[in-house]
Amino acid sequence: MATLMQIRAALEDGQARGLKQLSRQVDAPPALVEAILERLIALGKVERVAA
C-alpha cells in the first residue's frame, strides 16, 4: 500500500507525469493516489499544477 512518503518521494524525483503513471510507480490504485495527493495539497507539501 502506498504511503504519503512514497508518493511525495515519487513526485520529488520528477518522473511521474500524471495520476496513472504515479499510480503505477507506487503500485497503488489511482483513487488512493488521488486521495493521498489531495491530502498532501491540503497539508501544503505539494502544489497542484495545471497540465
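Summary of values
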item	result
Net dipole in debye of the chain [+1 Lys, Arg Cβ; -1 Asp, Glu Cβ; about Cα centre; nearest 20]	60
Candidates per GluC sites (Glu not before Pro) in the chain, loop by DSSP, up to 16 other Cβ within 10 Å	Glu47
Net charge of neighbours whose Cβ lies under 11 Å from the Cβ of Pro30, counting Lys and Arg as +1 and Asp and Glu as -1	+1
The chain, relative contact order [Cα under 8 Å, separation at least 6], %	35
DSSP-assigned coil residues among trypsin sites (Lys or Arg not before Pro) in the chain, each with at most 12 further Cβ atoms within 10 Å	Arg17, Arg48
The chain: projected area of the alpha-carbon convex hull, averaged over directions, in nm²	3.1
Least to most buried among Leu22, Leu37 (fewest other Cβ within 10 Å first)	Leu37, Leu22
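Quick note: the coordinates plus some simple rules give every number you see, no bench work behind them. Note that the structure is predicted; figures quoted are calculated from it, not measured. In this analysis, Cβ positions are derived from the backbone assuming ideal geometry, glycine residues included, and neighbour counts consider all displayed protein chains.
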